[in-house]
Amino acid sequence: MAAKPTIAIVGPGRLGSALAVELKRAGYKISEIVEGNSVQSRRKAGRLARKVGAHASIGSASSLDSDVVWFCVPDREIVTAAHQLASVTDWKGRIAFHASGALASSKLSALRKRGASVASVHPLMTFVDKSAPSLKGVPFAIEGDAAAVQTARRIVRKLGGSAFLIGREHKAAYHAWGAFTSPLLIALLVTAERVARSAGLTDDRARKNMLPIVRQTIANYEALGAAGAFSGPLVRGDVETVRQHLRVLKDVPGARAVYLALARTTLLYLPTKNRKELQKLLPDGT
């Protein structure tokens with residue numbers, strides 16, 4: 001395998017697009033963007049191919065003459081895509097990755113049977129429309145065959161990221177951890193917006209006013225850890241304030257349940273005063 005192997009991306013979605021751009025930035029040749037059959041997929045593939053100097057192709061009509069093929073399709077499509085492309089090229093000595101955080105490399109077994117070395121290579125990062133995050137400093141969870149893992153480590157290093165191994169039996173827990181770090185964090189913030197609305201603020205004003213404390217909380221967490229960053233009525237053991245919170249949150253759909261779940265979690269993992277009184281107010285907290 002060359003020091004900088006050529007790479008084909010299967011799936012021109014948000015993750016595949018971000019990877020292709022960052023790989024090109026790191027000096028890799030992106031040989032091909034493999035798309036689906038939809039008009040939308042073809043348009044995305046065409047735009048991405050032009051951006052990274054590759055050519056776009058459709059599924060089984062692709063050439064896949066690259067050293068590495070990186071599957072960036074939704075989890076439910078990985079096995080199907082691997083089967084569809086298994087007969088397109090000679091996979092002996094080739095490397096195939098998929099980018100799923102939840103699924104093991106065995107989802108590419110159709111390619112492994114044809115001689116490929118396979119791995120799951122997942123960046124712990126969020127990818128959304130209208131945002132193009134750098135992969136510098138981003139951790140990648142890697143699991144799979146030795147040759148594929150070795151190649152993945154080298155690529156991640158060139159991207160400026162950091163690689164760590166994850167056991168296939170731990171992939172679901174790893175992905176659940178990732179869910180807490182971004183999508184469920186957004187769910188918490190949008191719930192906070194709804195609570196602010198009940199206090200008379202618009203969503204836009206709530207978002208603007210929340211950002212300073214959210215940013216400082218993240219900074220405190222980074223510098224001091226969870227216990228050091230923890231503040232508010234629960235750490236003080238202010239039972240009456242918590243009771244008032246629960247009362248007003250009854251009028252905000254879903255917010256009281258979120259508050260209760262998180263408040264109970266503090267009794268498990270974080271320092272609190274008046275723990276016994278809080279446990280009575282927050283049943284099932286242990």
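Any read-out appearing in this document is the output of simple, stated calculations on the displayed coordinates, not a laboratory observation. As the structure is a prediction and not an experimental result, all values here were calculated from the model. Every residue, glycine as well, gets a Cβ built from its backbone with ideal geometry; the counts of neighbours run over all protein chains shown.
Using the Cβ-Cβ distance between W177 and R25 with R0 set to 22 Å, the FRET efficiency works out to roughly 0.20. FRET efficiency for the L281 to Q40 pair, using the beta carbon distance and R₀ = 51 Å, is estimated at 0.50.
Ignoring lysines fewer than eight residues from K280 along the same chain, the ones with Cα atoms less than 30 angstrom from its Cα are K250.
Let me know the shape class of segment 1-112, please: from the alpha-carbon gyration tensor, a ≥ b ≥ c as square roots of the eigenvalues, rounded when a/c is under 1.5, otherwise prolate if a/b is greater than b/c, or oblate. Cα axes put segment 1-112 in the rounded bin. Residue order for V69, V149, fewest other beta carbons within 10 angstrom first, comes to V149, V69. A dipole drawn for segment 17-131 from +1 and -1 charges on Cβ atoms has a positive end, and of H98, A56, A82 the residue lying farthest that way is A56.
Looking at the square roots a ≥ b ≥ c of the eigenvalues of the Cα gyration tensor of segment 84-133, which shape do they give, rounded for a/c under 1.5, prolate if a/b is larger than b/c, or oblate? Prolate is the answer for segment 84-133, as a/c is 1.5 or above and a/b outweighs b/c.
Take every DSSP beta bridge whose two residues both sit in the chain; close to 15 percent of them are antiparallel. When the Cα gyration tensor is reduced to axis lengths a ≥ b ≥ c, the ratio a/c is 1.5 or higher for segment 186-260, and with a/b not above b/c it is classed as oblate. Per the Debye formula with a single identical scatterer at each Cα and no solvent contribution, what log10 I(q)/I(0) holds for segment 71-212 at q = 0.13, 0.15, 0.17 Å⁻¹? Log10 of I(q)/I(0), two decimals: -0.66, -0.80, -0.94.
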